[in-house]
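> Below is one structure. I have some questions about it.
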Amino acid sequence: MTYCVGLLLESGIVMLSDTRTNAGFDNIACYRKMFVFETSGERALAIMTAGNLSVTQTVIAKLKQEIAHEDPERSIMHAPTMLQVAEIVGRTLNDVYVDVDRRMTHSDLSASASMLLGGQRLGGQPRLFLIYREGNFIEATEDTPYLQIGEHKYGKPILDRVVRPSTSLEEGRKAVLISMDGTLRSNLSVGMPLDLLSIRRNEYRVATRERIEPGDPAFAALSEAWSKALSDGFANLPSFPEASGGG
């Protein structure tokens, strides 16, 4: 399993992924799930992946192949809008999914996969898409300024409570890390290292990109501070009154 989350903010985009891939508890490995495509000053794109590894790796390989061929209709680095970038990624994902799923018809394995695409190109706005295996997609909006793929339920509550379009990039980085911390604590199929990236609005390049390794002191301090804040907040909650009477 995996967990990836992206925020679409007025100040830009924040994206975070884990790197754990498992095919059973005795077959756990580390694979990068965040892929960056950038022409500094013109466009910055990031794709995060979840699901069947053979599908997602093939999709990324095919996207890189089309970039190398410089085909303006099939290269995400030549597409004139982010919407067309999403359409290219969606078509590629669906083509690979259909092919792999057909070959796996007689097995018990799943070819399910999904992707988060975020970025901005010169002349356009920052945009964030969740792309499904069928090739269709949804887009983050002001009402829902974040998207998730993978094991998303444990990290969702903090995003619902604190993330707004007006959230700064720095606060956004903090929010996705706390969202990931909750997921790491609750699901063993999600694991470090983590890949964290931010793109500032109208810079058309990756502003920050880092890998957070197990034992990272800053992440450990953030996790500990969040745990303490939750514990203190719970202790300070008013008591819930008992119902009167009995039965």
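> How fast does the chain diffuse by Stokes-Einstein, in µm²/s, taking the Kirkwood radius from C-alpha pairs at 25 °C and 0.890 mPa s?
Details: Rh = 19.1 Å.
Using the Kirkwood radius from Cα pairs, D works out to 129 µm²/s.
> Okay, moving on. How would you rank Ser112, Ser40, Ser198, Ser223, going from fewest to most other Cβ atoms within 10 Å of each one's own Cβ?
Ser40, Ser112, Ser223, Ser198
> Determine, for Lys33, Lys153, the number of other Cβ atoms within 10 Å of each Cβ, and report the residues in order from fewest to most. Let's see the in-between values first.
On the way: Lys33 27, Lys153 12.
Going from sparsest to densest Cβ surroundings: Lys153, Lys33.
> Sequence gap of 8 or more, or different chains, plus Cα separation below 17 Å: how many lysine pairs satisfy both in the chain? Intermediate values should be presented prior to the final figure.
Numbers: Lys33/Lys62; Lys33/Lys64; Lys156/Lys174; Lys174/Lys228.
For the chain, the number of qualifying lysine pairs is 4.
> Let me ask something else about it. Calculate how steeply helix 53-69 sits against the longest principal axis of the alpha-carbon atoms of the chain, using the helix alpha-carbon long axis, and give the answer as 0 to 90 degrees to the nearest 10.
That helix lies at roughly 40 degrees to the long axis.
> How big is the C-alpha Rg of the stretch 147-205 next to the rule-of-thumb value 2.2 N^0.38 Å, as a ratio? Show your work: numbers first, answer last.
On the way: Rg = 12.4 Å, N = 59, 2.2 N^0.38 = 10.4 Å.
So the stretch 147-205 has a normalised radius of gyration of 1.20.
> Give me Asp99, Asp160, Asp181 ranked fewest to most by other Cβ atoms within 10 Å of their Cβ, as a rough exposure proxy.
Numbers: Asp99 13, Asp160 9, Asp181 21.
Starting with the residue having the fewest Cβ neighbours, the order is Asp160, Asp99, Asp181.
> Figure the gain on full extension for Leu83 and Glu170 (residue separation times 0.36 nm, minus the Cα-Cα span) and round it to one decimal in nm.
Numbers: separation 87, 0.36 × 87 = 31.32 nm, distance 2.66 nm.
Extra length available between Leu83 and Glu170 comes to 28.7 nm.
> Moving on to the next point. Which length gain, in nm to one decimal place, applies between Val98 and Lys64 when the Cα-Cα distance is subtracted from 0.36 nm times their residue separation? Kindly include the intermediate steps, with their values, before the conclusion.
Working: separation 34, 0.36 × 34 = 12.24 nm, distance 1.96 nm.
The span from Val98 to Lys64 would gain 10.3 nm if fully extended.
> Full extension from Glu139 to Ser231: what is 0.36 nm times the residue separation minus their Cα-Cα distance, to one decimal in nm?
Stretched out fully, the Glu139 to Ser231 stretch lengthens by 29.6 nm.
> Find the relative contact order for the chain and round it to a whole percent, using C-alpha pairs within less than 8 Å whose residues are 6+ positions apart. Provide the component values of the computation, followed by the final result.
On the way: 486 pairs, mean separation 67.2, N = 247.
27 percent.
Where a number appears in this text, it was derived from the coordinates with a stated rule and is not lab data. This structure is a prediction, so every number in the text was calculated from the model and none was measured. Glycine also receives a Cβ, built like all others from the backbone with ideal geometry; neighbour counts cover every protein chain displayed.
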